[in-house]
Amino acid sequence: MGEIIDGKRISAQIKEEIRIRAIEFEKSHGRKIGLAVIKVGEDPASAIYVRNKVKACEACNIASFAYYFDANITQDKLVEMICILNDDKRVDGILVQLPLPQGIDERAVLSRILPEKDADGFHIVNAGKLFLGEYTPSVACTPRGIIELIKSTGVEIAGKHAVVIGRSNIVGKPVAMLLLANNATVTVCHSRTRNLADITRTADILVAAVGKKKFVKADMVKRGAIVIDVGMNRDDEGLFGDVDFDTVKDVASHITPVPGGVGPMTIAMLLKNTVDGAFNE
Ligand code: NAP
């Protein structure tokens, strides 16, 4: 059986490093690093994510400023709030919890966050910098966490064939860019890819970001591959990844579980982006 990549343990280590850096910042700057979190509407999953982010800030000596708005807030009001936070010296990072209610243009709202305060790394400037291979402290959190998990195995990324299933703007595309920046040879697959299994079977590193329960089966995986499961698929039976863990674990050299793999890394990377951004100012 392959080794389980313990995202909980690795994220706890990273959060401890973040806490130490956040204390250093407070000593040298006379204030805490600050993260503003905006939630709009009553989506129950968003409420849990926001609560967890605020709690993680507290644990890492980061001040959190939470703003909760009704779903009927206008886009203009939301942008006005973002402009206030852009000018607020206590705030180093701004996060708008997605999805936003229908009728609000997410991209238009996110684009109003100052790129230097873009804790989620979704701003078009930061996405563009990632594409150009330029340094930015704001890198999409889940992809940044995925790279940390791969590195935790001790296996060199350079020269490996990495296959990413999924091409979303929040996971598939940015993780492909980060793998490329780490000198992997990268193939990105999606719903129109032909002979998917033939491609995934050539992967030394396989990242599944499909959004379909147990989509990746053992016969799609090369023996000894590192398998990273990004999927979070909830149904009546519980929470499931995109990988059929029970069978794939016997083929992979390393594999992330769901829960306890990529998920915990996302919040850790959000805090890391915020702290990196604060020190970068
Ligand atoms: P998404 O926007 O729905 O993208 C899914 C991707 O999978 C699309 O590119 C789609 O291709 C591709 N796809 C769908 N069916 C396919 C098939 N049969 N064969 C090959 N590719 C196929 O999803 P996402 O936002 O990237 O999220 C993916 C999963 O990760 C979800 O389960 C989500 O909940 C989870 N997630 C977890 C975290 C975390 O912190 N752990 C963070 C973000 C997302 P097309 O582009 O052609 O449609």
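The values are calculated or read from the model by the stated rules, or taken from the named source; none is laboratory data. Here the structure is a predicted model, which means the values were calculated and not measured. All Cβ positions, even for glycine, are placed from backbone atoms using ideal geometry, and neighbour counts span all protein chains on display. Side chains are part of the model used for accessible areas, which takes the heavy atoms of the whole protein and leaves out ligands, DNA and RNA. Shrake-Rupley method; radii C 1.70, N 1.55, O 1.52, S 1.80 Å.
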### Query
For the stretch 167-180, which residues satisfy the criterion of being more than 8 Å from the ligand (Cβ to nearest atom) and either under 17 Å from Ile226 (Cβ atoms) or among the aromatic types (Phe, Trp, Tyr) (or both)?
Val175, Ala176, Leu178, Leu179, Leu180
### Query
Is there a residue in the stretch 257-272 that is touching a Phe, Trp or Tyr at 6+ places or on another chain (Cβ under 8 Å) and open to solvent by less than 10 Å² (accessible area, probe 1.4 Å)?
no
### Task
Look at Arg234 and say whether it is of a type outside the set (Phe, Trp, Tyr), at pLDDT below 95, more than 7 Å from the ligand (Cβ to nearest atom) and open to solvent by 50 Å² or more (accessible area, probe 1.4 Å).
yes
### Query
Listed residues Ile228, Ile150; which is open to solvent by less than 60 Å² (accessible area, probe 1.4 Å) and either away from the ligand (no atom under 14 Å from the Cβ) or in contact with a Cys (Cβ under 9 Å, 6 or more places away or on another chain) (or both)?
Ile150
### Message
So His123 ticks every box in (1) within 16 Å of the ligand (Cβ to nearest atom); (2) closer than 17 Å to Met269 by Cβ but one. Which box is left unticked?
### Response
(1)
### Query
Glu156 is checked against (1) part of a helix (DSSP H, G or I); (2) surrounded by fewer than 17 Cβ atoms within 10 Å (Cβ to Cβ) and fails just one. What number does that condition carry?
(1)
### Query
Looking only at the stretch 239-267, which residues are in a loop (DSSP other than H, G, I, E, B), within 15 Å of the ligand (Cβ to nearest atom) and on the phi < 0 side of the Ramachandran plot?
Gly241, Asp242, Asp244, Thr256, Pro257, Val258, Pro259, Gly261
### Query
Which residue pairs have Cβ atoms closer than 8 Å, lie 6 or more positions apart in sequence or on different chains, and pair a first residue in the stretch 11-38 that is without any contact (Cβ under 8 Å) to a residue 60 or more places away in the chain and of a type in the set (Gly, Ala, Ser) with a second residue that is open to solvent by 60 Å² or more (accessible area, probe 1.4 Å) and assigned to a helix (DSSP H, G or I)?
none
### Summary
Going through (1) at pLDDT below 95; (2) in contact with a Leu (Cβ under 7 Å, 6 or more places away or on another chain) one by one, Asn280 fails only at (2)
### Task
Filter the stretch 171-223 down to residues that are assigned to a loop (DSSP other than H, G, I, E, B) and more than 28 Å from Arg234 (Cβ to Cβ), then give me how many there are.
10
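Here is a yes/no grid of residues against (1) within 10 Å of the ligand (Cβ to nearest atom); (2) of a type in the set (Asp, Glu); (3) in contact (Cβ under 8 Å) with a residue 60 or more places away in the chain; (4) in contact with a Gly (Cβ under 9 Å, 6 or more places away or on another chain):
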position	(1), (2), (3), (4)
Leu130	no, no, no, yes
Arg144	no, no, yes, yes
Thr200	yes, no, no, no
Ile205	no, no, no, no
Ala218	no, no, no, no
### Matching residues, the stretch 186-202, being under 22 Å from the mean Cα position of the chain (by Cα) and surrounded by 15 or more Cβ atoms within 10 Å (Cβ to Cβ)
Val186, Thr187, Val188, Cys189
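Would you mention how many residues in the stretch 237-250 are out of contact with any strand residue (DSSP E or B) (no Cβ under 8 Å at 6 or more places or on another chain) and open to solvent by less than 20 Å² (accessible area, probe 1.4 Å)? Before you say what the answer is, go through the steps one by one.
We begin by selecting, within the stretch 237-250, every residue out of contact with any strand residue (DSSP E or B) (no Cβ under 8 Å at 6 or more places or on another chain); these are 237-238, 246-247, 250.
When the remaining residues are screened for being open to solvent by less than 20 Å² (accessible area, probe 1.4 Å), the result is none.
Qualifying residue count, the stretch 237-250: 0.
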